[in-house]
């Protein structure tokens, strides 16, 4: 087995959404970096995990100011321009400044993962050509060399060839989907839920906390609908188990998991969602499931175009949330074999859901019979041959034991109102804690899917929040920075900080921080603790179009 060694300034472990943003920040600063990625696609939840972007309600400039980092908004512009330049759109769609390629109702920009990967690859291509960035695809970290309070090297292995690469760097950014570097380098971290008594969180664990209280993963897939045809897949081996499975969750489930009736909302009420695949249309403003995460809307293409694609929906629903076994745990508790088995079971659950939709699902078109056999898996949009994502969608990582931990007390709307926090009338959704060390902003609900501890979902409003620098920095280790979902948040607040534009912001700010520390010959802890350095760093972020406060927060502690 071959082995090589690389030396660089910064090593980005993980090439997901946060990792790509970190690479963009480092390369624009001229900092040499190496980035690893376990699949053959960069982008994470934007691409290989096949999840259209969940974004804040103001992402389209409704406030007149950026509601995400400039580079993320430029990425969105590039996606739209790609469709205008390469797809046979109708004149109306082509001229629409807010073009939504899939017109899915979960996002203002539901688009194909293959296009997302193309755009991200184009963004990094000049830096790869110049040699500022080295990319290690299909490569995972296997070991870390730490001496005292610093990591000296991380060793990776290529999943295709078995070849090893050891990367020595001054800084290491954890942008993995599960916080893998934290465990490998013995950086203190948290998993599962914290007791409500620990931080005073309204939605914290009522007992002592639970290391298995980790959000479900989902194996997403894409489908089109061909009425009158039969594309039913082979019956999955464990279909009988999933067909009859009734979730034994903390709040009662209304029946079998494989059903159009699920539990949702802040009050855990049972709700039945319709499913009306193309060419059916929803009734009025009905929020039905075909258009939930649709990534290709056939109606925006010219009718005379021979290369117009079919309607394609991305399937990511609670019926395919896998919570039987966690992928992460305390150090040494979950083996690689256990993790691989859980991922495979998650994929089979998704296959079972598809088979149920094809064969036994109630129809909403008034016709006799059950199922939609015309549902056909689509691989073109996902870069695969089988129509499934390249990797499972992972919602929750190991969480850094950071200099500062973001809790529900800081961002929860209901809790902050109950606590009488100031500024709660400043915006439609109140005002979160105005962190003086802000490195970005974000907004999403406290959205926790059912967990491996059989806790039901948590779905509560959050205030538009800031991202504190202290949540990216370890308490002791001086050269490891959180660059994705592994930042210092609790189990509850992870539900708000895990989405696309926020993860991008975390990664970009982490890259900026590493570049700043290298140029100023300081460590991250110094930047947070010394006000002159902090203000200089925040000025650097602002120059690079990273918004630090919401409009109604201007002047608050900055």
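The values are calculated or read from the model by the stated rules, or taken from the named source; none is laboratory data. If you're wondering where the values come from, they're calculated on a predicted model, not measured in any experiment. Using ideal geometry, Cβ is built from the backbone for each residue, glycine included, and neighbour counts are taken over all protein chains shown.
Results, tabulated for the structure shown:
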| quantity | calculated |
| --- | --- |
| Residue match in segment 376-386 (condition: under 26 Å from residue 282 (Cα atoms), at pLDDT 95 or above and part of a strand (DSSP E or B)) | yes |
| So residue 283, is it free of Cβ contacts under 8 Å to residues at least 12 places away in the same chain and under 22 Å from residue 455 (Cβ atoms) | no |
| Some residue of segment 350-357 being over 30 Å from residue 279 (Cβ atoms) and under 21 Å from the mean Cα position of the chain (by Cα) | no |
| Filter result (part of a loop (DSSP other than H, G, I, E, B) and surrounded by fewer than 19 Cβ atoms within 10 Å (Cβ to Cβ)) within segment 287-308 | 287, 288, 302, 303, 304, 305, 306, 307, 308 |
| Residues that are farther than 26 Å from residue 143 by Cβ, buried (at least 24 other Cβ atoms within 10 Å of the Cβ) and either over 16 Å from the mean Cα position of the chain (by Cα) or modelled with pLDDT of 95 or more (or both), drawn from segment 46-66 | 46, 47, 50, 51 |
| Matching strands (runs of 3 or more DSSP E) fully within segment 210-283 where at least 3 residues are over 25 Å from the mean Cα position of the chain (by Cα) and at pLDDT below 95 | 269-272 |
| Residue in segment 537-558 that is surrounded by the fewest Cβ atoms within 10 Å (Cβ to Cβ), counting only those that are more than 25 Å from the chain's Cα centre (by Cα) and free of Cβ contacts under 8 Å to residues at least 12 places away in the same chain | 555 |
| Subset of segment 410-443 that is under 23 Å from the mean Cα position of the chain (by Cα) and closer than 24 Å to residue 250 by Cα - its residue that is surrounded by the fewest Cβ atoms within 10 Å (Cβ to Cβ) | 413 |
| Qualifying residue in segment 419-438 (condition: within 20 Å of residue 548 (Cα to Cα) and outside any loop (DSSP other than H, G, I, E, B)) | yes |
| Qualifying residues in segment 358-387 (those that are within 19 Å of the chain's Cα centre (by Cα) and surrounded by 21 or more Cβ atoms within 10 Å (Cβ to Cβ)) - the one nearest to residue 341 (Cα to Cα) | 382 |
| In segment 456-485, the residues that are closer than 19 Å to residue 317 by Cβ and either part of a loop (DSSP other than H, G, I, E, B) or not assigned by TED's automatic domain parsing to the domain that holds residue 416 (or both) | 456, 457 |
| Scan of segment 111-149 for residues that are assigned to a loop (DSSP other than H, G, I, E, B) and farther than 17 Å from residue 383 by Cβ, ordered by number | 131, 132, 148, 149 |
| Any hit, segment 464-473, residues being buried (at least 24 other Cβ atoms within 10 Å of the Cβ) and closer than 17 Å to residue 414 by Cα | yes |
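To keep it simple, each residue is scored yes or no on (1) part of a helix (DSSP H, G or I); (2) more than 20 Å from residue 19 (Cβ to Cβ); (3) in contact with a strand residue (DSSP E or B) (Cβ under 8 Å, 6 or more places away or on another chain).
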{"position": "45", "(1), (2), (3)": "yes, no, yes"}
{"position": "51", "(1), (2), (3)": "no, no, yes"}
{"position": "60", "(1), (2), (3)": "no, yes, no"}
{"position": "83", "(1), (2), (3)": "yes, yes, yes"}
